[in-house]
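Take a look at the structure set out below.
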Amino acid sequence: MSEEELIELKFRLYDGSDIGPIRYSSNSTVGMLKERIVSEWPRDKKIVPKAANDVKLISAGKILENNRTVGQCRVTFGELPGGVITMHVVVQPSLVKTKTEKKVDDMPGKSVCSCSIL
């Protein structure tokens, strides 16, 4: 019976808004939760994950692994009878290349400034 238990979760986004609460089976995997988050992500946000791999879920200060089930993470979630569990959603920066390119572009400008000062 406990395997079919429904656990109510909501997902806190970077700006303080939430997705949910939604009830999930204790057999749902963290990867399944991430897929749902990506599909329900508000498109008006500045940062939008493109795939489930762009998302990290954090509960009780721990990053949850994709292959774990909600039931296996129950200890991490704690015992909240009838309560809603809030998980934090972090979107991994997919702009690393853009930031690196900008830094490389900025370097010659700094060098030119340094040369003109010397």
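The values are calculated or read from the model by the stated rules, or taken from the named source; none is laboratory data. Just so it is clear, the structure is predicted and the values come from calculations on it, not from any experiment. Cβ placement follows ideal geometry from the backbone for every residue including glycine, while neighbour counts extend to all protein chains displayed. Heavy atoms of the whole protein, side chains included, go into the accessibility calculation; ligands, DNA and RNA do not. Shrake-Rupley method; radii C 1.70, N 1.55, O 1.52, S 1.80 Å.
Relative to the current alpha-carbon distance between residue 67 and residue 22, full extension at 0.36 nm per residue lengthens the span by 14.2 nm. Rolling a 1.4 Å probe over the protein heavy atoms of segment 1-59, with every protein chain left in place, gives an accessible area that is 49 percent carbon and sulfur. If R0 equals 22 Å, the separation of the Cβ atoms of residue 15 and residue 50 corresponds to a calculated FRET efficiency of about 0.75. Computed from the Cβ-Cβ distance with R0 of 25 Å, the FRET efficiency linking residue 39 to residue 90 stands at 0.90.
Near the amide H of residue 28, within less than 5 Å, lie the amide hydrogens of 70, 71, all on another chain or at least 5 residues away, with H placed in the peptide plane.
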